[in-house]
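A short write-up of the structure that comes next.
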């Protein structure tokens, strides 16, 4: 049995709060220090690249080492391939890359789950991954 959409959305909401803390330390503080100490403001494209990289390291590290982020641990969820095995690094990178347009296109990839036969997000469907209940 797969976790319901409500549980996965609650995990995503919690994840966004945790990610805000991670980004405060690894993104906001360095750029604030550059601005205050050297009066430097980096171009927007560099800021976006930094945000993309920091978020990528966070998600890929947790997905690769535990199959779950901190929020997923709280909600007893785990990322697996559709075969039930741990996802490959290629699947994880693809999932991360696809999750960006899935979210920033007005949540279209999340909305997709309402119509998907297994209620999976679009980025999971395309990457060959799925979120399941963690088995102990």
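Any read-out appearing in this document is the output of simple, stated calculations on the displayed coordinates, not a laboratory observation. From a predicted model like this one, the values you see are computed outputs, not experimental measurements. Please note: Cβ atoms are built from the backbone with ideal geometry, for glycine as well, and neighbour counts cover all protein chains shown.
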Quiz item: What number in nm² do you get for the chain if you take the convex hull of its Cα atoms and divide its surface by four?
Solution: 8.8
Quiz item: Which angle between 0 and 90 degrees, to the nearest 10, do you get for helix 44-65 versus the longest principal axis of the chain when only C-alpha atoms count?
Solution: 40
Quiz prompt | the chain, helix-only ellipticity at 222 nm - DSSP H runs n ≥ 4, -39,500 (n - 2.57), divided by all residues, nearest 500 | solution = -18500 deg cm²/dmol
Quiz item: What angle, in degrees between 0 and 90 and rounded to the nearest 10, separates the Cα long axis of helix 89-104 from the longest principal axis of the Cα atoms of the chain?
Solution: 70
Self-check item: FRET efficiency, 1/(1 + (r/R0)^6) with R0 41 Å, evaluated for residue 38 and residue 119 via beta carbons
Solution: 0.25
Practice problem: Compute the acute angle (0 to 90°) between the alpha-carbon long axis of helix 5-23 and the principal axis of greatest extent of the alpha-carbon atoms of the chain; round to the nearest 10°. | Solution: 20
Practice problem: Whole Å is fine, so just give me how far the alpha carbon centre of region 23-39 lies from that of region 94-116. | Solution: 30
Quiz item: What spacing in nm lies between the two simple spin-label points modelled at residue 133 and residue 6, each 7 Å away from Cα in the Cβ direction?
Solution: 1.5
Practice problem: Pairs of Cα atoms under 8 Å, at least six residues apart: use those to get the relative contact order of the chain, whole percent. | Solution: 28
